[in-house]
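Please read the structure below before turning to the comments.
The values are calculated or read from the model by the stated rules, or taken from the named source; none is laboratory data. Computed from a predicted structure; not experimentally measured. Cβ coordinates were reconstructed from backbone atoms using ideal geometry, including for glycine residues, and neighbour counts include every protein chain displayed. Heavy atoms of the whole protein, side chains included, go into the accessibility calculation; ligands, DNA and RNA do not. Shrake-Rupley method; radii C 1.70, N 1.55, O 1.52, S 1.80 Å.
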Amino acid sequence: MAQRLIFKHFLSTSGKSLVVPTQSSISLLSKCTRTFGLLSTTSQSSHLPIFTIVHKISMSNSCSVTFNVQNKDDFQDRVVGSETPVVVDFHAQWCGPCKLLAPRLEKAVAKHEGKVLMAKVDIDDHTDLALEYEVSAVPTVIAMKNGDVVDQFVGVKNEDQLEAFLKKLIGT
């Protein structure tokens with residue numbers, strides 16, 4: 001239903017907004033925004049390019065606060081070195097409970113609008129990190145603040161338990 005409404009809106013507004021992009025309008029496009037159909041044409045009278053933004057969709061806030069850890073150096077930079085508290089979700093592709101917990105945790109973290117970040121660590125890809133943080137079962141979630149582990153849990157939690165876990169980490 002939502003897709004149908006977006007499509008109707010797209011059809012009713014496409015081609016109506018003509019803009020020449022400036023540096024400020026380009027900087028507004030963040031990594032959480034996807035622009036579809038940027039069409040460039042030339043004005044017949046001035047021969048200047050005219051750009052028509054056909055459709056722009058803003059993605060959810062969770063993409064700005066949730067990230068996948070790429071390697072140990074990335075973990076050191078983005079998790080241990082972070083000034084913002086970080087929740088680290090140690091998970092595996094084959095783990096059923098991990099698949100239940102991940103969306104709940106992402107939603108809870110997104111609610112806090114940048115006061116806490118979420119790092120996702122696949123234990124099969126980053127065994128060294130799993131061993132270093134003594135992860136013996138998945139899902140394991142570790143709360144880190146100023147590079148130190150301050151709390152953790154193993155297994156699936158409900159929304160209220162996750163909210164309490166995050167509030168304790170943030171200190172609210």
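Some observations on this one:
- Only residues that are of a type in the set (A, V, I, L, M) and part of a loop (DSSP other than H, G, I, E, B) were counted in the range 163-172, giving 0.
- The residue that is farthest from Phe67 (Cα to Cα), counting only those in the range 118-172 that are surrounded by fewer than 20 Cβ atoms within 10 Å (Cβ to Cβ) and of a type in the set (Val, Ile, Thr), is Thr172.
- Residue within the range 68-81 that is open to solvent by less than 80 Å² (accessible area, probe 1.4 Å), more than 16 Å from Tyr133 (Cβ to Cβ) and in contact with a strand residue (DSSP E or B) (Cβ under 7 Å, 6 or more places away or on another chain) present: no
- Those residues of the range 104-117 which are out of contact with any Asp or Glu (no Cβ under 7 Å at 6 or more places or on another chain) and open to solvent by less than 30 Å² (accessible area, probe 1.4 Å), in sequence order: Val109, Ala110, His112, Val116
- Taking the range 142-157 as the range and being in a loop (DSSP other than H, G, I, E, B) and farther than 13 Å from Pro103 by Cα as the test, the residues that pass are Asn146, Gly147, Gly155.
- Considering Val154, Val121, Val141, the condition of being over 22 Å from the mean Cα position of the chain (by Cα) and not hydroxyl-bearing (Ser, Thr, Tyr) is satisfied by Val154 alone.
- Tally, over the range 81-120, of residues that are over 21 Å from Ile170 (Cα atoms) and of a type in the set (A, V, I, L, M): 2
- Unmet criterion (only one of (1) at pLDDT 95 or above; (2) part of a loop (DSSP other than H, G, I, E, B); (3) of a type in the set (D, E, K, R)) for Asp160: (2)
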